[in-house]
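No lab work stands behind these numbers, since they all come straight from the coordinates. Keep in mind it's a predicted model, so treat the numbers as computed, not measured. Note that each Cβ is placed from the backbone with ideal geometry, even for glycine, and that neighbours are counted across all protein chains shown.
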Amino acid sequence: CRENLFTVCGSGRELGFLKPLMRRDFLVRHKLTYDPGMRLGEDFDLYARALLSGPRFGLVDPQGYWAHETPGSLSKQHKAAVLEQVYRADKRLLATHPLTGEDRAGLLAHMRLSLRKWVWVRMIEAVKARDPVTFAACWVSPPHVWAELTTKLWAHFQAKSVRKPEGLEISNQGRM
């Protein structure tokens, strides 16, 4: 699970980027399929459930591709409902599998990260929709969530309060 935490590894080492070969009989025996209701994180969810089913496995050095994400990419702009699915899948894994030690700590860390992402996007959507009830509900979260909300809001406020000097024109001409 810790390999899937962006804050730990940076991008490119997420379990969703694995391309495993799995025996069909293993998947059938353990009733493992993709969750059709998930639009994000479905690979992580399936692979985590497979690993928790006790397979024999091995990892080989990367032979595939590098994933490059550009700022503002549509592939990273997810709605709150989609991020909620990832959080709920982590919660289900914790509730249905008797994890201990490092496995539990890794999944809890992933779940906390999922929750922070979900609540942040939910709050932004509430502001855009002028929905004070949902905005307020975002603050009824664990301390690690509202601490991040406060930090992000403060950074956003500071960025918005910086004004460009009058008469200064900014052009993107000639830039790539």
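Of note:
- Listed residue pairs exceeding 24 Å between alpha carbons, taken from Lys128/Lys152; Lys31/Lys117; Lys31/Lys91; Lys128/Lys160; Lys19/Lys79; Lys91/Lys117: Lys31/Lys117; Lys19/Lys79
- Three-way shape label, segment 77-151, alpha-carbon gyration tensor, a/c 1.5: prolate
- Computed from backbone phi with θ = phi - 60° and the Karplus coefficients 6.51, -1.76 and 1.60, the 3J(HN,Hα) list for segment 129-139 is 8, 6, 10, x, 5, 5, 4, 5, 5, 5, 7 Hz; x is used for glycine and proline.
- Where labels lie 7 Å past Cα in the beta-carbon direction, separation of Trp154 and Arg92 in nm: 3.7
- The trypsin sites (Lys or Arg not before Pro) found in segment 84-137 that occupy coil by DSSP, while having at most 15 further C-beta atoms within 10 Å, are Arg130.
- Couplings 3J(HN,Hα) for segment 117-128, derived from phi with the Karplus relation 6.51 cos²θ - 1.76 cosθ + 1.60 (θ = phi - 60°), are 4, 4, 5, 4, 5, 4, 5, 4, 4, 5, 4, 4 Hz, where x marks Gly and Pro.
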